[in-house]
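First the structure, in the form of structure tokens, and then the observations on it.
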Protein chains: 2
Amino acid sequence: MKIVIAVLSCWLLAVSTMHGQSAMLDLREGMMIRISEIEIHPEYLQGYKNILREEAGASVRLEPGVIAIFPMYQKANPAEVRILEIYASREAYEAHVKAPHFQKYKTSTLAVVRSLRLVDMEAIDAQTMNTIFRK
Amino acid sequence: MKIVIAVLSCWLLAVSTMHGQSAMLDLREGMMIRISEIEIHPEYLQGYKNILREEAGASVRLEPGVIAIFPMYQKANPAEVRILEIYASREAYEAHVKAPHFQKYKTSTLAVVRSLRLVDMEAIDAQTMNTIFRK
């Protein structure tokens, strides 16, 4: 009887581990990664960065499906902004673009954006992303 | 006497908090952020991605000063690889390029790289990076 219980326990542990892994992989497989390449009219750069900083902070803090919104600019050309964006799923992304903080960002920065290119990316190693990102 | 102790405690707490914050800011201010833009000869892409995957994983796992090495490729053009790299300091970066896993990556991929552009970046909100990245 003890052996039967031991075997069953091992089997349950194995099945639950597999399920855990596959759930994690599914999540990572369904996610959306993007690098937004944004050129800003230089005379409005400081104001733009303030609004973007607020929007990025609110998104990561308030939206469980926003894994990262990480805005940067090129040192050699500060008007060239790049944002690494990672969403847990397409649904998380669609919820994000409807969120009030994103809507505020979008409408208040429209006029100062000189060019915008949304480049969809794929992670080369999705499985180890949780060693880098908190969520 | 109790009041004196209470005031002193508050002052000590305030000073230690300020020091803690400034230490964290100093760390974030000294860090290095880069987006490497790498075009690969398409016929060698799979092999390149395998070597890069191994190198990125080892760097984040083994080097405390490597906050992120996050390799991606453009969905619309898979030979266009982008790597977000974040190092805690210039010293951490210099140690990284001497590490055996980086040396192995560098020497074994040299021939398959068609072009390489190292773009140094600045975070727009360095203070909230620890809400996104684990380290």
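For residue A:102, are the conditions met, namely being part of a helix (DSSP H, G or I), within 15 Å of the chain's Cα centre (by Cα) and hydrophobic (A, V, I, L, M, F, W, C)? Walk me through it before giving the result.
On the way: part of a helix (DSSP H, G or I): yes; within 15 Å of the chain's Cα centre (by Cα): yes; hydrophobic (A, V, I, L, M, F, W, C): yes.
Yes.
Residues that are in contact with a Gly (Cβ under 6 Å, 6 or more places away or on another chain) and of a type in the set (Gly, Ala, Ser): does the stretch B:91-99 have at least one?
Yes, the stretch B:91-99 has at least one match.
Could you check the stretch B:32-84 and list, in sequence order, the residues that are in contact (Cβ under 8 Å) with a residue 24 or more places away in the chain, assigned to a strand (DSSP E or B) and farther than 22 Å from residue A:75 by Cα?
B:40, B:73, B:78, B:79
Of everything in the stretch B:87-115 that's of a type in the set (Ser, Thr, Tyr) and in contact (Cβ under 8 Å) with a residue 60 or more places away in the chain, which residue is nearest to residue B:62 (Cα to Cα)? Break it down stepwise before answering.
Going residue by residue through the stretch B:87-115, those that are of a type in the set (Ser, Thr, Tyr) are B:87, B:89, B:93, B:105, B:107-109, B:115.
Of the ones still in play, those that are also in contact (Cβ under 8 Å) with a residue 60 or more places away in the chain are B:89, B:93, B:109, B:115.
On the way: B:89: 16, B:93: 13, B:109: 21, B:115: 28 Å.
Only one residue fits best here, namely B:93.
Counting only residues that are among the charged types (D, E, K, R) and in contact with a strand residue (DSSP E or B) (Cβ under 7 Å, 6 or more places away or on another chain), which one in the stretch B:85-98 is nearest to residue A:74 (Cα to Cα)?
Initially, the stretch B:85-98 is screened for residues among the charged types (D, E, K, R), giving B:85, B:90-91, B:94, B:98.
Restricting the remaining residues to those that are in contact with a strand residue (DSSP E or B) (Cβ under 7 Å, 6 or more places away or on another chain) gives B:85, B:90.
Details: B:85: 14, B:90: 17 Å.
For the stretch B:85-98, the residue satisfying everything is B:85.
I need the full set of residues from the stretch A:105-122 which are among the small types (Gly, Ala, Ser) and either assigned to a strand (DSSP E or B) or on the phi > 0 side of the Ramachandran plot (or both), in order please. Give the derivation first.
The first filter runs over the stretch A:105-122 and keeps only residues among the small types (Gly, Ala, Ser), leaving A:108, A:111, A:115.
A:115, the sole residue that qualifies.
How many residues does the stretch B:93-135 hold that are of a type in the set (Ser, Thr, Tyr) and at pLDDT below 95? I'd like the intermediate steps shown before the answer.
As a first pass, look at the stretch B:93-135 and keep what is of a type in the set (Ser, Thr, Tyr): B:93, B:105, B:107-109, B:115, B:128, B:131.
Adding the requirement that they be at pLDDT below 95 leaves B:128, B:131.
Residues flagged as of a type in the set (Ser, Thr, Tyr) and at pLDDT below 95 within the stretch B:93-135 amount to 2.
The values are calculated or read from the model by the stated rules, or taken from the named source; none is laboratory data. If you're wondering where the values come from, they're calculated on a predicted model, not measured in any experiment. In this analysis, Cβ positions are derived from the backbone assuming ideal geometry, glycine residues included, and neighbour counts consider all displayed protein chains.
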